[in-house]
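S.K.: The structure that follows is given in the form of structure tokens.
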Amino acid sequence: MNIKDFNYIAAVVDYGSYSKAAEALFLSQPSLSAYIRNLERQLGFSFFENDKRTLTPEGEMYISYARKIIALDQELMQNIAQLHRLKDNQMRLGITPARSEQYLDALYDRFQQADCSCTLEIQVDTSRRLIEKVLANEIDVILLNQPQKTNGLISRCIFSDRLLLAMQQSNPAIQSAYTVEGDKYRHLPVSALENCCFITFPKGRTVRTVFDQFCKENKLSPHIVQETPHIRTACKLVSRNYGAAFVFNIPSELENLDRTCECFYVDSDCLNIDYSLAYSAASPVGREQKRILQIIRETVSHVHQERYLPKISEKR
């Protein structure tokens, strides 16, 4: 038996007829029918009952194993292709839109240096789509904010971040704000947010996942006035006093807040988020790939420390 045997019988089952399966396989119907009859003679049983559509017990068992073998064959070919790319020093990296503005230039610069012979291809997409792509072997590694559903991935934290709450200075909740020595932003107790209106993000987005968990843990029933997929839009709506919004501490995004707004830390541990590098648990990780992953981690960590952390200390 070879992989063609499994693919041919699976096609007949999936398409429900020899003619449609033959068309999908770019074969003539007589050729496909003859191929399967010959396979049945070799195996000593028929795949289908007399109606040519219902699988025999042997056929059902065969197709269940055939699908597993087809999936393993595809995984094998994808992993071999990935190894070839790594031998040719090619890496496909996925990153979210907001974070790309922070790290894209530094990553390209680092991979163009003389001591780094790897070619970097970067795709920008949402966290959910990036996870789907890395699991489908369409990209090799992703940078994402967690928590996310990352079953099937291996994640390595690069640094921990903390969501900020942006709101208008006229919001009554600000009366409860207090200062913590050494922190850039003032703090708000959770109780101050009981009557707040919120601008948030669609279900499935990282900030929304954290926001929902925050409300659940603190037994808040939030009044959501608007959902938006973009942090910039959320900041603009906060500036117009439509409500408060939890946002990432990304300077380029926070610039969309006007001077009448202020950002706060909220006293809740569940608002801390890890920024991680992740790749498929099923993918091969050789010495060269480990070196490339380390370069990505070091570059992102360096940018985070040099561009972001000094700015905090300067303003204290």
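The values are calculated or read from the model by the stated rules, or taken from the named source; none is laboratory data. Quantities reported herein were computed from a predicted structural model and do not represent experimental measurements. Don't worry about glycine lacking a Cβ; one is built from the backbone with ideal geometry, like all the others, and counts go over all protein chains shown. Surface areas here come from the heavy atoms of the whole protein model, side chains and all, with no ligands, DNA or RNA. Shrake-Rupley method; radii C 1.70, N 1.55, O 1.52, S 1.80 Å.
S.K.: Among the residues of region 239-253, which ones are open to solvent by less than 30 Å² (accessible area, probe 1.4 Å) and within 27 Å of the chain's Cα centre (by Cα)?
M.R.: As a first pass, look at region 239-253 and keep what is open to solvent by less than 30 Å² (accessible area, probe 1.4 Å): 239, 243-250, 253.
Result: 244, 245, 246, 247, 248, 249, 250, 253.
S.K.: Among what's in region 225-238 and is open to solvent by 50 Å² or more (accessible area, probe 1.4 Å) and either in contact with a Cys (Cβ under 8 Å, 6 or more places away or on another chain) or among the acidic types (Asp, Glu) (or both), pick the residue that is farthest from residue 190 (Cα to Cα).
M.R.: Taking the candidates together, the pick is 227.
S.K.: Do the conditions hold for residue 269, that is, is it without any contact (Cβ under 8 Å) to a residue 40 or more places away in the chain and closer than 25 Å to residue 230 by Cα?
M.R.: In short, yes.
S.K.: Could you figure out which of (1) open to solvent by 30 Å² or more (accessible area, probe 1.4 Å); (2) touching a residue at least 60 places away in the same chain (Cβ under 8 Å); (3) in a loop (DSSP other than H, G, I, E, B) isn't true of residue 256?
M.R.: Going through (1) open to solvent by 30 Å² or more (accessible area, probe 1.4 Å); (2) touching a residue at least 60 places away in the same chain (Cβ under 8 Å); (3) in a loop (DSSP other than H, G, I, E, B) one by one, residue 256 breaks only (2).
S.K.: Now, a different point. Against the definition (of a type in the set (Phe, Trp, Tyr) and either within 30 Å of residue 118 (Cβ to Cβ) or crowded, with 17+ Cβ neighbours inside 10 Å (or both)), how does residue 6 come out, yes or no? Outline the logic, then answer.
M.R.: Details: of a type in the set (Phe, Trp, Tyr): yes; either within 30 Å of residue 118 (Cβ to Cβ) or crowded, with 17+ Cβ neighbours inside 10 Å (or both): yes.
Taking the combined requirement at face value, the residue satisfies it.
S.K.: Pick from region 47-59 the residues that are more than 22 Å from residue 73 (Cβ to Cβ) and open to solvent by less than 60 Å² (accessible area, probe 1.4 Å): which of them is modelled with the lowest pLDDT?
M.R.: Top of the filtered list is 48.
S.K.: Among the residues of region 254-269, write down those that are more than 18 Å from residue 162 (Cβ to Cβ) and within 26 Å of the chain's Cα centre (by Cα).
M.R.: Matches in region 254-269: 255, 256.
S.K.: Continuing with the same structure: Could you list, in sequence order, all residues of region 46-66 that are part of a loop (DSSP other than H, G, I, E, B) and in contact with a Phe, Trp or Tyr (Cβ under 7 Å, 6 or more places away or on another chain)?
M.R.: Once the filter is applied, which keeps residues that are part of a loop (DSSP other than H, G, I, E, B) and in contact with a Phe, Trp or Tyr (Cβ under 7 Å, 6 or more places away or on another chain), region 46-66 yields 47, 54, 56.
S.K.: If you don't mind, another one. If the requirement is being among the charged types (D, E, K, R), at pLDDT below 75 and assigned to a helix (DSSP H, G or I), which of these qualifies: 85, 129, 41?
M.R.: From the options 85, 129, 41, the qualifying one is 85.
S.K.: Run down 35, 65 and say which single residue is over 25 Å from the mean Cα position of the chain (by Cα), surrounded by 14 or more Cβ atoms within 10 Å (Cβ to Cβ) and over 30 Å from residue 300 (Cβ atoms).
M.R.: That would be 35, the only listed residue that is over 25 Å from the mean Cα position of the chain (by Cα), surrounded by 14 or more Cβ atoms within 10 Å (Cβ to Cβ) and over 30 Å from residue 300 (Cβ atoms).
Table: residues versus (1) open to solvent by 10 Å² or more (accessible area, probe 1.4 Å); (2) modelled with pLDDT under 90.
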| site | (1), (2) |
| --- | --- |
| 108 | yes, yes |
| 117 | yes, yes |
| 139 | no, yes |
| 150 | yes, yes |
| 154 | yes, yes |
| 169 | yes, no |
| 176 | yes, no |
| 183 | yes, yes |
| 190 | yes, no |
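S.K.: Please find, among 161, 212, 183, 109, the residue that is in contact (Cβ under 8 Å) with a residue 60 or more places away in the chain and either more than 22 Å from the chain's Cα centre (by Cα) or more than 21 Å from residue 95 (Cβ to Cβ) (or both).
M.R.: Values: 161 fails: either more than 22 Å from the chain's Cα centre (by Cα) or more than 21 Å from residue 95 (Cβ to Cβ) (or both); 212 fails: in contact (Cβ under 8 Å) with a residue 60 or more places away in the chain; 109 fails: in contact (Cβ under 8 Å) with a residue 60 or more places away in the chain.
Being in contact (Cβ under 8 Å) with a residue 60 or more places away in the chain and either more than 22 Å from the chain's Cα centre (by Cα) or more than 21 Å from residue 95 (Cβ to Cβ) (or both) holds for just one of 161, 212, 183, 109, which is 183.
S.K.: Test residue 227 against the stated conditions and say whether it is of a type outside the set (Phe, Trp, Tyr), within 23 Å of residue 178 (Cβ to Cβ) and modelled with pLDDT of 90 or more.
M.R.: Details: of a type outside the set (Phe, Trp, Tyr): yes; within 23 Å of residue 178 (Cβ to Cβ): no; modelled with pLDDT of 90 or more: yes.
In short, no.
S.K.: Let me ask something else. Could you give every pair whose Cβ atoms fall below 9 Å, whose first residue belongs to region 285-304 and is more than 24 Å from residue 252 (Cβ to Cβ), and whose second residue is open to solvent by less than 50 Å² (accessible area, probe 1.4 Å) and in a helix (DSSP H, G or I), counting only separations of at least 6 or pairs across chains?
M.R.: Matching pairs, first to second residue: 285/293; 286/86; 288/86; 289/82; 289/86; 292/86; 292/111.
S.K.: Would you pick out the residues in region 273-288 that are of a type in the set (Gly, Ala, Ser), surrounded by 15 or more Cβ atoms within 10 Å (Cβ to Cβ) and closer than 14 Å to residue 136 by Cα?
M.R.: Matches in region 273-288: 278, 280, 283.
S.K.: Residues to consider are 268, 221, 276, 239; find the one that is more than 20 Å from residue 173 (Cα to Cα) and of a type outside the set (D, E, K, R).
M.R.: 276
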